[in-house]
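*Asks:* Below is the structure I would like to discuss, written out as structure tokens.
The values are calculated or read from the model by the stated rules, or taken from the named source; none is laboratory data. Not measured: the values here are computed from a predicted model. Virtual Cβ from ideal backbone geometry, glycine too; neighbours counted across all protein chains shown.
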């Protein structure tokens, strides 16, 4: 019996200075198309909550120190 694969489209969002920016490419293309800087990716829970939000903020805050 062949395995059945379901293609699931990921919902992706990006923001800069609090404003939504278009983001319809995969991560590598996104990073190459934008200036160097601190970026983080987050998973959402129930579409309204960010999983481990504090870790994302901490990583962004520490990135200029590297």
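*Asks:* Among 66, 16, 49, which is modelled with pLDDT under 75 and either within 14 Å of the chain's Cα centre (by Cα) or at negative phi (or both)?
*Replies:* When all the criteria are applied, what remains is 66.
*Asks:* Among the residues of the range 31-49, which ones are under 25 Å from residue 64 (Cβ atoms) and out of contact with any strand residue (DSSP E or B) (no Cβ under 6 Å at 6 or more places or on another chain)?
*Replies:* Within the range 31-49, 31, 32, 33, 34, 35, 36, 37, 38, 39, 40, 41, 43 meet the criteria.
*Asks:* Quick check, is residue 28 within 13 Å of the chain's Cα centre (by Cα), part of a loop (DSSP other than H, G, I, E, B) and either at pLDDT 80 or above or within 24 Å of residue 64 (Cα to Cα) (or both)?
*Replies:* no
*Asks:* On to the next question. For the range 31-66, which residues satisfy the criterion of being assigned to a helix (DSSP H, G or I), free of Cβ contacts under 8 Å to residues at least 24 places away in the same chain and exposed (fewer than 10 other Cβ atoms within 10 Å of the Cβ)?
*Replies:* 32, 33, 54, 65
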